[in-house]
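K.L.:
Take this structure, written in structure tokens, and hold onto it; I'll ask about it next.
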Amino acid sequence: MGESAGRWLGLLKTGPIIAGLLVVLAIAALQFSAIPGFDRLGLMVFDSYQNAAPRAYQDAGVRIIDIDEESVERLGQWPWSRTEIARLTQKLSDAGAAAIAFDIVFSEPDRTSPGQIAARLPRAEGNENLLRSLSDLPDNDDILADSFALAPVVGGFFLLHEDRGGPIELPTGMAILGSSPDGQVEQYRGTVQSLPQLQQASAGLGSLSIVGDADGILRRAPLVFLYKDKLVPSLSLEALRVAQQAGSILVKTSDGSGETAGAPGAIVNLRVGDFEVPTTAAGELWMHFSEPAPERTIAAWRLLSGDMSADEIATAVEGQIVFVGASATGLRDLISTPLAENEPGVTVHAQAAEQMILGEFLIRPDWAPGLEFFLILLLGGGLALLLPGAGATIGAAIGLAATAAVTAGSWLAFDQLHYLLDPTWPVIALILVYAVQTLLSFRQEEQQRAYIHTAFDRYLSPEMVRQIAANPERLQLGGEEREMTVLFCDIRGFSRISEQYDPKQVINFLTGFLTPMCNILLERKATVDKFIGDAILAFWNAPLDDPDQFRNGARAALQMVESLERLNRELPQKPGQVWPPDVKIGIGMNAGLCCVGNMGSEQRLSYTLIGDTVNIASRFEGLTKQYGVQILIGSALAKQLEGFALLELDRVKVVGRDASDTVYALLGDETLNRDPAFGILQSWHDEFLTLYRAQNWTAASHLLEEHEAAYSDAGLSVLLSVYRGRIELLSKGPVEDDWDGVFEATRK
């Protein structure tokens, strides 16, 4: 017990270290696997950084024409007539706007067009001239298309996942340097577009679709999209192209840019005119939002009502990229950002264009996940190794210092370099390692005190300990009758084995044998009653009811035989383990009434069972030697094991009993029973027993000789020899008239 205690105390010392390292490995595995949703904490940290240090507004030549509340109040409810939009477009074009990008889709004809009004008027007499005059007037949508054709207009469209809407015809295509990013960029199959004449008149077309992360917050603005395997630009990217009068937008992917860190097809950057824009692998721009900047926005009513002169408009928008969108209640497409819960979508497009022009990018470097993974292992693993020896207070100081260093490094990388380095995974590793190891350390002293109690509990049934604790009145002499299943297991030739080894080696051998056997019994709901030297006595259906006691017992016995075969293969090669060659066991099992309970003296009680069923099970175990089988059971148990591979052996009177019983060999479970070869053997053997009990010695002997190989293959050679000897003896002399084939055992 001293050696066992030493191992236990050693485990208590190393346990917190192992637990801490396992926590580190688990956190590292989660970070490495990049499971969607697990990055939420890191994104929230990045949000807090933006709130603490938003991008300083600089005039990048980007303006927003806002259809705000006052514009709707002054100029009438939305939608406005397309002639008003045409007038706004012309004013911006005349003022010298470099690009006019509409964050609006004009997908339906203008209901205020003369032709549309004429179509709704009644065809009454006297209306002919009016209807003819209205029909001859220009269509509002054609007027807007004409204004688009004379201006650097960028039209918009929405992308949908369902397949509907017409195809997208871009004025200028997009070129790809490297593999196609179809595995990285989100795919779309449908569109909502403006009227065809407006699309055709536009100098550029871009997607207005903006989708936030899983929590609804927009942190990355997509600059490119896949529409039916075709790359299309965002509104902001296309506006930048039109403003420069540039050609195709160039999309560089990892294997086309000379970089090999990312997967093939991962987007590295976009080139549009004179600007190069780094992106995520999916072609997204990490947004670095600025605080509200009133100078970026002009209310639409000021341009259309004459509040601003032509010179004032030119001063405001000449050479600028102008985004036209709505923020009025009921009109705006609201987006949540790290800085604002409700931000008009047009502002996101405008700020994306500003970042591309200014070169103000937030970057999540390719090496960032690797650095974070390394910090998890370094800091978490270091704390796991140091904390058990340093103690909770010093460990807390080390953990706090490491947490502060990681957080400060992440903040400085954001503030000074605009790098996004996630501190959450290393910090989580530090917190969990500290929490787990501290809890384990607090329990360590209690576990050491509990060890002695636990060691002595091994001598008693754990279930009995629980029941006695719950019902102390049961701690008295007496018992109850129950229908039970009993198992005796004994090692063959144990006396011979004991002679070969010294006592310590014998105990080593028994421990190596008894431990796995008891584990099997306990897993099969048995109560291990006692060890009698090398023998095991176990039973089922007490102290707790077990409705499946018979099958649990049979399966446990079969598993014990199977486990012994494995032990015979493996343990002789195990260093320090004593194991004789080819150890064999015999198992006797019986079922019936037993008296079970707390028995013994007033000074010492033992929860055990007694009864004829127990004695017969012990005798059956002894008979396994005579019949050469490993598991022998009585008829009462055999009746309960329908479907198992049972072979009737004999009718026997065991020592000390006058009544006989039919005994069976339990050879296997349902799988063996379904084996055709076993069925044939069972049929032959039943035929043999019929001939034998009919005293037809010649036919019985002939049947044994004919099927000798089958008996041998089934491991029943000893049984074959037993019956050969009996037939030879019985055939030579007279057989008593009342002979019924019962064999009377003369030894236990």
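Readers should treat all values here as calculations from the given coordinates under stated rules, not as data from a laboratory. Remember, it's a predicted structure, so these values are computed and weren't measured experimentally. All Cβ positions, even for glycine, are placed from backbone atoms using ideal geometry, and neighbour counts span all protein chains on display.
K.L.:
May I ask you to compute the full-extension gain from Asp146 to Val211, defined as 0.36 nm times their residue separation minus their alpha-carbon distance, rounded to one decimal in nm?
P.N.:
Extra length from Asp146 to Val211 when fully extended: 20.2 nm.
K.L.:
Another question, if that's okay. I need the semi-axes of the equivalent ellipsoid of segment 264-307: take the C-alpha gyration tensor, multiply each eigenvalue by 5, square-root it, list largest first in whole angstrom.
P.N.:
Those come to 36, 14, 9 Å.
K.L.:
Could I ask something else about it? Find how much the distance from Gln90 to Ser712 grows on full extension, using 0.36 nm per residue of separation minus their present alpha carbon separation; answer in nm with one decimal.
P.N.:
Answer, rounded to one decimal: 213.5 nm.
K.L.:
Rounded to whole Å and sorted largest first, list the principal axis extents of the Cα atoms in segment 675-748.
P.N.:
Principal extents (largest minus smallest coordinate, Cα): 39, 30, 17 Å.
K.L.:
Right, next: Counting every Cα pair in the chain, what percent are over 34 Å apart?
P.N.:
68 percent
K.L.:
Hey, another quick one. Which distance in nm do the two modelled labels at Ala368 and Leu730 give, with both placed 7 Å along the Cα-to-Cβ direction?
P.N.:
Rounded to a tenth, the inter-label distance reads 8.8 nm.
K.L.:
Compute the FRET efficiency between Asp59 and Phe442 as 1/(1 + (r/R0)^6), taking r as their Cβ-Cβ distance and R0 = 41 Å, and round to the nearest 0.05.
P.N.:
So the FRET efficiency works out to roughly 0.10.
K.L.:
Separate question: Would you mind checking which residues have amide H under 5 Å from Asn269's amide H? H placed 1.01 Å from N; only 5 or more apart, or other chain.
P.N.:
Lys252, Thr279
K.L.:
Just subtract the alpha-carbon distance of Ala396 and Asp737 from 0.36 nm times their residue separation and send over the number in nm, one decimal.
P.N.:
Fully extending the segment from Ala396 to Asp737 adds 113.6 nm.
K.L.:
Take Glu69 and Leu378, extend 7 Å from each Cα along the Cα→Cβ direction, and tell me the distance between the two endpoints in nm.
P.N.:
Computed distance between label sites Glu69 and Leu378 equals 5.3 nm.
K.L.:
Based on the Cα atoms of segment 56-358, what semi-axes does the equivalent ellipsoid have, where each is the square root of 5 times one gyration tensor eigenvalue, given in whole Å with the largest first?
P.N.:
Semi-axes (√(5λ), whole Å): 35, 23, 18.
K.L.:
Turning to a different aspect of this structure: Would you mind estimating how fast segment 582-720 diffuses translationally, via Stokes-Einstein at 4 °C and 1.567 mPa s with the Kirkwood radius over Cα pairs, in µm²/s?
P.N.:
So the translational diffusion coefficient is about 78 µm²/s.
K.L.:
Here's another thing I want to ask about it. Report the relative contact order of the chain, percent, no decimals, based on alpha-carbon pairs under 8 angstrom and at least 6 residues apart.
P.N.:
Relative contact order, the chain: 12 percent.
K.L.:
What share of all Cα pairs of segment 340-405, in percent, falls into each consecutive 5 Å distance bin?
P.N.:
3, 13, 14, 12, 10, 8, 10, 10, 8, 7, 4, 1
K.L.:
Using r as the Cβ-Cβ distance of Leu339 and Tyr419, and R0 as 22 Å, what FRET efficiency do you calculate, to the nearest 0.05?
P.N.:
0.65
K.L.:
Given 25 °C and 0.890 mPa s, compute D for segment 472-669 with the Stokes-Einstein relation, Rh being the Kirkwood radius over Cα pairs; round to the nearest whole µm²/s.
P.N.:
It diffuses with D of about 140 µm²/s by this estimate.
K.L.:
Report Rg(Cα)/(2.2 N^0.38 Å) for segment 179-253, keeping two decimals.
P.N.:
The value comes to 1.18.
K.L.:
What's the FRET efficiency of Asp311 with Leu412 using the Cβ-Cβ distance as r and R₀ = 56 Å, to the nearest 0.05?
P.N.:
After rounding, the FRET efficiency stands at 0.75.
K.L.:
Go through segment 225-333 and name the GluC sites (Glu not before Pro) that are in a DSSP coil and have 16 or fewer other Cβ atoms within 10 Å of their Cβ.
P.N.:
Passing both the DSSP loop test and the Cβ count: Glu259, Glu318.
K.L.:
Then there is this: List the GluC sites (Glu not before Pro) within segment 695-748 that DSSP assigns to loop and that have no more than 11 neighbouring Cβ atoms inside 10 Å.
P.N.:
Glu736
K.L.:
Let me ask another. Return one quarter of the surface area of the convex hull spanned by the alpha-carbon atoms of segment 203-288, equal to its mean projected area, in nm².
P.N.:
The Cα convex hull of segment 203-288, projected and averaged over all directions, gives 6.5 nm².
K.L.:
Per DSSP H run of at least 4 residues, take -39500 (n - 2.57); add these up for the chain, divide by its residues and hand me the 222 nm value, nearest 500 deg cm²/dmol.
P.N.:
It comes out at -14500 deg cm²/dmol, rounded to the nearest 500.
K.L.:
Another one. What are the residues whose amide H is under 5 Å from the amide H of Phe289, where those residues sit 5 or more places off or on another chain and H is modelled from the backbone?
P.N.:
Close amide H contacts, sequence-distant or interchain: Arg55.
K.L.:
Can you list the residues, at least 5 places off or on another chain, whose amide H is less than 5 Å from the amide H of Ile249, using H built in the peptide plane?
P.N.:
Ala175
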